[in-house]
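Each remark here refers to the structure printed beneath this line.
Each reported figure results from applying straightforward, stated rules to the coordinates on display, with no laboratory input. The shown structure was predicted, so the numbers you read here are calculated from the model rather than taken from an experiment. Every residue, glycine among them, receives a Cβ derived from its backbone with ideal geometry; neighbour counts consider all protein chains shown.
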Amino acid sequence: MSYAPHPQQQVIYQQVVRPPSNGMAVTALILGLVAIVTGVWSPIPFVGLVAAFFAFVSALLAVIFGIVGLRKANTVGVGRGNSVAGIVTGALTLGIIGLTTVAWIVAAAASSASYSGA
């Protein structure tokens with residue numbers, strides 16, 4: 001009885017190639033969305049002070065990460081839209097907070113100027 005040798009099976013290795021990604025752009029988009037959602041609460045008198053602080057921090061980080069993500073998007077080729085969206089929402093939130101702060105300062109100055117201590 002003779003046994004026929006089994007043919008050797010060839011093992012094929014495949015290397016998984018991940019598509020390029022841009023984590024800075026995604027982070028900018030998420031921080032920008034958090035900033036705009038939190039920033040719309042800033043005109044409310046007492047809640048707005050805490051909301052403005054958190055919105056300011058996240059908006060500033062969104063603009064910074066958006067700029068870094070935009071630079072990376074030029075080399076990697078992905079994430080340009082997320083970076084621009086993060087920059088726009090962050091800048092819009094900073095504008096909302098700035099206008100709210102100016103409005104509160106003007107209101108406080110007008111209130112103290114119209115008060116006559118009797």
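Counting other Cβ atoms within 10 Å, keep those with at most 14, restrict to DSSP loop, and tell me which chymotrypsin sites (Phe, Trp or Tyr not before Pro) in region 29-118 are left.
Values: sites: W41, F46, F53, F54, F56, F65, W104, Y115; in loops: W41, F46, Y115.
Taking region 29-118 and a limit of 14 other Cβ atoms within 10 Å, the loop chymotrypsin sites (Phe, Trp or Tyr not before Pro) found are F46, Y115.
Taking a spot 7 Å from the Cα of A110 along the direction of its beta carbon, which residues of region 29-51 have an amide N less than 20 Å from it?
Under 20 Å, as judged by backbone N against the label point of A110, lie 42-46, 48-49 of region 29-51.
Which residue fluctuates most in the GNM of the chain (Cα springs below 10 Å): T38, T75, T93?
It is T75.
How do R18, R80, R71 line up, fewest other C-beta atoms within 10 Å first? Mind showing how you got there, number by number?
Numbers: R18 5, R80 16, R71 12.
Going from least to most buried by this count: R18, R71, R80.
Could you calculate the contour length gain from Q10 to V57, that is, 0.36 nm times the residue separation minus the distance between their Cα atoms, to one decimal place in nm?
Working: separation 47, 0.36 × 47 = 16.92 nm, distance 5.67 nm.
That pair, Q10 and V57, stretches by 11.2 nm at full extension.
Just the ratio, please: alpha-carbon radius of gyration of the chain over 2.2 N^0.38 Å, N its number of residues. It would help to have the intermediate numbers written out before the result.
Values: Rg = 27.1 Å, N = 118, 2.2 N^0.38 = 13.5 Å.
Normalised by 2.2 N^0.38 Å, the Cα Rg of the chain equals 2.01.
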